[in-house]
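A quick write-up on the structure given underneath.
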Amino acid sequence: SMGSPMQEAGRLPNEGPQTSVRLSQGFWAGMYEVTQGQYFKVMDQTLSGTSSASSPVVNVSWEDARLYCQVLTNKERAAGRLPEGYVYRLPIEAEWEYAARSGTVSPFSFGDRADASNGNFRGVYPINVEHESTGPDHYGSLPVGAYSPNAFGLHDVHGNVAEWTLDRYNGRLSGGSRVDPRPREDGRRVTVRGGSWEDFAVRVRCAARDEIRLDTKSNAIGFRVVLAPAF
């Protein structure tokens, strides 16, 4: 079930209506957000001496992320390591939320309450006025895997860096039931998921959605790769 129920604290209209999605083919999702070390290795570029190889790659546009996936696909196909019909790509929103929820229906994969012990984000959930304006103990992203994974073994689905998806943004979910949805291609903005280190806990929930210009490069946006059926 994609999206959030009406009673979920902090819910925004763009998180509904809840939509039943069936994915008929399995897919793999990266345990971690793509790191700087992985990105520069795949793209045959030298990692800056001031960069941390284990930190998520940031300041990459949507097209940068898509190009990385294409290069990775080409390399793995040439090496004979790709299952038939599968490619490396960004996840569509439905895949991202399915992977993030990891079988749960709560606001977060770890339950219905959140604080700084659960991920790299600000504040607490449900909103506590006393703590809402409390900033993080550090500035910026942390090396991937700094917090416990969800039930599917994925780290940092809540916070650290927001993650590009393959879908152009739409202000509402479709509602009803869908089988194997294709990525939305209309619109000038792209949907990002998961929230980042600069977001409050309410904006890193499983159902939270944000719209970003596709040419945006930010130190709070990265991406996660899936190995999934080609569109």
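The values are calculated or read from the model by the stated rules, or taken from the named source; none is laboratory data. Here the structure is a predicted model, which means the values were calculated and not measured. Note: ideal-geometry Cβ built from the backbone for every residue, glycine included; neighbour counts use all protein chains shown. The area values use the complete protein model at the heavy-atom level, side chains included, leaving out ligands, DNA and RNA. Shrake-Rupley method; radii C 1.70, N 1.55, O 1.52, S 1.80 Å.
Prolate is the label for the range 128-231, because a/c, from the alpha-carbon gyration tensor with a ≥ b ≥ c as root eigenvalues, is 1.5 or above and a/b exceeds b/c.
Ranking Q7, W96, F121 by how far each Cα lies toward the positive end of the dipole of the chain (charges on Cβ) leaves W96 at the top. When you restrict to C-alpha pairs under 8 Å that are six or more residues apart and normalise by the size of the range 77-231, the relative contact order lands at 31 percent. Summing charges over all other residues whose Cβ lies under 12 Å from the Cβ of A162, with Lys and Arg as +1 and Asp and Glu as -1, gives -3.
Springs between Cα atoms under 10 Å define the GNM used for the chain, and in it the highest mean-square fluctuation of V21, V179, V71 occurs at V179.
Probe of 1.4 angstrom, ligands and nucleic acids ignored: what's the accessible area per residue over the range 78-193, in square angstrom? Spell out each step's value before the answer.
On the way: 5860 Å² over 116 residues.
For the range 78-193, the solvent-accessible area averages 50 Å² per residue.
[x] 168; [y] 117; [z] 139: which one is volume of the Cα convex hull per residue in Å³ as calculated from this entry? It is the one labelled [y]. Highest mobility in the GNM of the chain, judged by mean-square fluctuation with C-alpha springs under 10 Å and restricted to E163, E198, E84, is found for E84. About its Cα centre, the chain has a charge dipole of approximately 540 debye under the convention of +1 per Lys or Arg Cβ and -1 per Asp or Glu Cβ, with nothing else charged. Peptides 218-224, 40-46 ranked from most to least packed give 218-224, 40-46, packing being the mean of other C-beta atoms within 10 angstrom over each peptide's residues. Over the chain, dividing the summed -39,500 (n - 2.57) contributions of all DSSP H runs of at least 4 residues by the number of residues returns a 222 nm mean residue ellipticity of -4500 deg cm²/dmol. Between D210, D112, D199, the residue with the greatest mean-square fluctuation in the GNM of the chain (Cα pairs under 10 Å linked by springs) is D112.
Relative contact order (percent) for the range 1-149, with alpha-carbon contacts under 8 angstrom and 6 or more residues of separation? Value for the range 1-149: 19 percent.
Magnitude of the Cβ-charge dipole of the range 138-231, K/R +1 and D/E -1, about the Cα centre, nearest 20 debye?
On the way: 14 positive and 11 negative charges, 53 e Å.
Computed about the Cα centre, the dipole is about 260 debye.
How much of the accessible area of the chain, in percent, comes from carbon and sulfur atoms when a 1.4 Å probe is used?
Working: 5500 of 11220 Å².
Whole-percent figure for carbon plus sulfur exposure: 49.
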